[in-house]
1. With the requirement that a residue be within 9 Å of the chain's Cα centre (by Cα) and under 19 Å from ASP66 (Cα atoms), what does region 9-26 give you?
2. Can you tell me which residue within region 1-15, out of those that are outside any strand (DSSP E or B) and charged (D, E, K, R), is surrounded by the fewest Cβ atoms within 10 Å (Cβ to Cβ)?
3. Name, by its number, the condition in (1) assigned to a loop (DSSP other than H, G, I, E, B); (2) in contact (Cβ under 8 Å) with a residue 24 or more places away in the chain that does not hold for ASP18.
4. If I go through region 42-67 residue by residue, how many of them are without any contact (Cβ under 8 Å) to a residue 40 or more places away in the chain, of a type in the set (Val, Ile, Thr) and in a loop (DSSP other than H, G, I, E, B)?
5. Any residue at all in region 27-41 that is part of a loop (DSSP other than H, G, I, E, B), hydrophobic (A, V, I, L, M, F, W, C) and under 26 Å from ARG67 (Cβ atoms)?
Amino acid sequence: MNRVINARITAQPKSLFDPMPEVYVTLEGGEEVLLFDYYPDEISFTAEEFVGLTLDECRHLKFVKDRNYLTS
């Protein structure tokens with residue numbers, strides 16, 4: 001299974017109508033994939049968190065952070 005070798009997160013919104021940040025990852029084969037966008041007032045990420053993970057593990061990371069936020 002391909003693992004993430006690099007990740008980037010687009011800019012944080014500066015106003016109400018700016019787009020949400022998106023997480024893009026680059027896989028071992030060189031393919032860049034959009035993973036998801038997220039609400040930065042609820043959860044946050046760093047690019048380093050995704051390196052070495054599979055796509056499923058990356059998506060699970062978002063799920064866990066969402067769940068933790070909703071149950072806090």
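All of the numbers you see were taken from the coordinates with simple rules; none came from a lab. Note that the structure is predicted; figures quoted are calculated from it, not measured. Virtual Cβ from ideal backbone geometry, glycine too; neighbours counted across all protein chains shown.
1. ILE9, PRO21, GLU22, VAL23, TYR24, listed by residue number.
2. By that ranking, first place goes to LYS14.
3. (2)
4. Residues that pass the stated criteria total 2.
5. If we filter region 27-41 for residues that are part of a loop (DSSP other than H, G, I, E, B), which is where we start, we get 28-31, 38-41.
Then keep just the ones that are hydrophobic (A, V, I, L, M, F, W, C); that gives none.
Checking region 27-41: not a single residue is part of a loop (DSSP other than H, G, I, E, B), hydrophobic (A, V, I, L, M, F, W, C) and under 26 Å from ARG67 (Cβ atoms).
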